[in-house]
1. Which Cα, out of 359, 262, 283, lies furthest along the positive dipole direction of region 261-370 (beta carbon charges, K/R +1, D/E -1)?
2. Given a Förster radius of 51 Å and the C-beta distance between residue 293 and residue 130 as r, what FRET efficiency does 1/(1 + (r/R0)^6) yield to the nearest 0.05?
3. Quick one: 3J(HN,Hα) in Hz for region 397-412, Karplus 6.51/-1.76/1.60 with θ = phi - 60°, rounded, Gly and Pro as x.
4. Please work out the Cα center distance from region 108-146 to region 327-388, rounded to the nearest Å.
5. For residue 76 and residue 378, calculate 0.36 nm times their separation in residues minus their Cα-Cα distance, and state this gained length in nm to one decimal.
6. Can you give the extra length, in nm with one decimal, that the chain gains between residue 348 and residue 10 once fully stretched, where that is 0.36 nm per residue apart less the Cα-Cα distance?
7. Suppose we look only past 26 Å in the calculated P(r) of region 322-437. What percent of the Cα-Cα pairs does that tail hold?
8. Among 237-249, 347-359, 409-421, how do they line up by average Cβ neighbours within 10 Å per residue, starting with the highest?
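Nothing in this text is a laboratory measurement; each read-out follows from the coordinates by a stated rule. Note that the structure is a prediction, hence the values are computed from the model and not measured. Using ideal geometry, Cβ is built from the backbone for each residue, glycine included, and neighbour counts are taken over all protein chains shown.
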Amino acid sequence: MLKSVTKYQQEPEAPGLNLEQLKGRRGGRRLWTIRASQELRVLLAREGPTSVLLRAGHHDAIYDLADRVAFAAPVVGRPGLIRLRADALDLDGSVLAPVLARAAAAADPEPSILEHWSDRELADAGFDDDAVRRLRRTTQDTLLRVWPELVDDEALFDKICACSEHSPEAWFNRRLIEGDEAEQRRFRDAIVERGARVGLSSLLGSDELERLLAAPIEEWMIFLHPDQRTLVDRRFAGPARVSGSAGTGKTVVALHRAAVLAKRFRASSAPAGPPPVLFTTFIKNLPSVFENLYRRLPTVVDGAVEFINVDKLAARFCAESAAPSALNSDAVKAAFDDAWAAVVLPGTPLLRAGLTRGYLREEVTAVLKGRGIDTLDEYRHVERTGRRTGFTAAMREQSWALREAWDERLAERGVEDFPDVVRRARDLARERSEPRYEAAIVDESQDLTLVGLQFIQALVNGQGFDGQDGLFLVGDHAQKIYPGGFTLVQAGVDVRGRSAVLRVNYRNTRPIIDVAMACAGSEPVDDDEGGRRARADAAHDRCWCGSRMRPPRSGSSSTR
């Protein structure tokens with residue numbers, strides 16, 4: 001089944017698929033089938049380059065269902081199947097609903113099928129008074145129950161469906177202002193904007209892809225390729241990780257994943273508590289960007305995802321725990337300068353090594369404090385992943401002395417540095433018996449410190465339980481811009497069997513990546529799962545942009 005769907009996505013007219021429009025059948029205006037095997041068929045709705053997969057099953061059952069239903073994308077309501085006959089049942093024998101959607105709440109009743117039309121407009125369209133009264137009290141689900149005569153009046157049923165899919169102005173003028181292209185665009189927008197809310201995903205053809213590339217950058221930045229959908233929807237039994245080079249869509253996957261988890265967890269979270277899903281990163285100005293992109297998704301759950309960077313979250317968490325932070329960047333810098341002047345003297349190992357003040361400050365913040373190292377003996381034996389410059393025993397002893405002198409001067413000034421706050425927040429979070437968040441998504445996870453990742457893990461796992469779908473890491477060590485590398489094993493995070501690599505580059509053409517690789521060089525990249533790989537391998541396997549638009553092959557993501 002999956003092979004036939006993938007084949008259809010790549011080449012809809014492939015002879016082996018037996019693509020067939022159901023002409024002559026009651027629901028055949030948009031309904032088509034493709035062959036999955038001798039006995040199996042896939043039913044889909046199709047309008048121009050946009051296709052929606054609907055059902056898959058035995059040949060006879062699919063064709064019988066198609067005889068009893070139509071596909072509509074109403075302006076008010078949910079795109080999906082509508083019964084043409086009152087006895088129409090789904091493939092499993094259940095009562096057919098337009099789509100698999102949430103039940104309407106008492107305070108949010110299902111709208112009538114022509115809610116957006118006035119009585120006068122319905123009369124002008126040719127509906128008599130009795131028809132208008134029926135339309136006012138019928139929905140997609142109850143149409144045939146309220147109006148059973150429609151079973152034998154195909155023209156009237158088609159007219160109602162057509163009116164439901166258009167505004168009155170568009171319906172009256174459709175022959176003047178709407179051709180095939182406008183109809184295809186309207187259908188596509190209905191699926192993307194309203195169908196996505198209830199689980200419908202359109203398969204995009206080459207024409208649609210070209211349109212998408214010409215669209216505003218914000219629309220492209222939230223485009224989710226069907227091959228990435230499995231990572232978004234998958235249920236992970238523990239921490240999971242997605243990696244890939246710049247342009248492979250990692251952040252897009254993370255944003256859609258946040259929407260899925262928000263919907264999954266919102267029902268079980270306390271109404272007055274914090275949002276169930278945390279979306280975080282190290283860079284302080286990225287959360288607002290991510291939140292704006294997230295709000296463009298048609299499937300968002302308002303108030304269910306919190307966007308905040310790790311340092312700000314740690315400071316707030318400490319304050320909520322009656323342990324507020326005293327942060328002052330000027331005082332922190334002055335304390336370090338005093339410590340440097342007292343420890344890094346002429347002729348000492350660190351000065352002889354020619355290391356800069358900035359490098360040694362990063363050694364303290366990213367390695368010593370970022371890795372949560374408590375003693376000189378521990379520092380003597382730790383592997384300084386990603387630091388490149390080897391340290392002798394004497395250099396490590398002097399670095400430790402620099403850390404102690406800096407801490408003393410911070411205490412004298414009554415201030416803290418951010419690494420100290422994150423560590424304190426981690427320790428406070430570990431004392432909690434219950435998780436603060438149901439799930440956490442970490443974008444650009446390669447830039448967090450080990451302690452920062454442990455802090456996020458503690459917020460999700462409470463006292464150490466790795467819950468289902470709890471931690472979702474997104475990143476790539478080839479893009480690491482901050483020091484203090486570590487492996488996930490060192491952080492106590494096990495993603496074995498739950499790690500995927502995105503290998504199709506949607507943003508960069510091959511010439512662009514080749515030039516970037518010429519600048520970056522060929523040295524290997526440290527992987528946060530403990531291995532190393534060539535930088536060229538980290539960059540890309542395939543590109544999807546360029547003068548020739550071709551959808552990627554099946555398998556654009558690989559799981560290991």
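1. Checking the options against the dipole of region 261-370, the answer is 262.
2. 0.55
3. 4, 6, 4, 5, 5, 5, 4, 5, 5, 5, 4, 4, 6, 5, 5, 4
4. Their Cα centres are 73 Å away from one another.
5. That works out to 102.3 nm of additional length.
6. Using 0.36 nm per residue and subtracting the Cα-Cα distance, I get 115.2 nm.
7. Counting every Cα pair in region 322-437, those more than 26 Å apart make up 24 percent.
8. Highest-to-lowest ranking by the protection proxy: 237-249, 409-421, 347-359.
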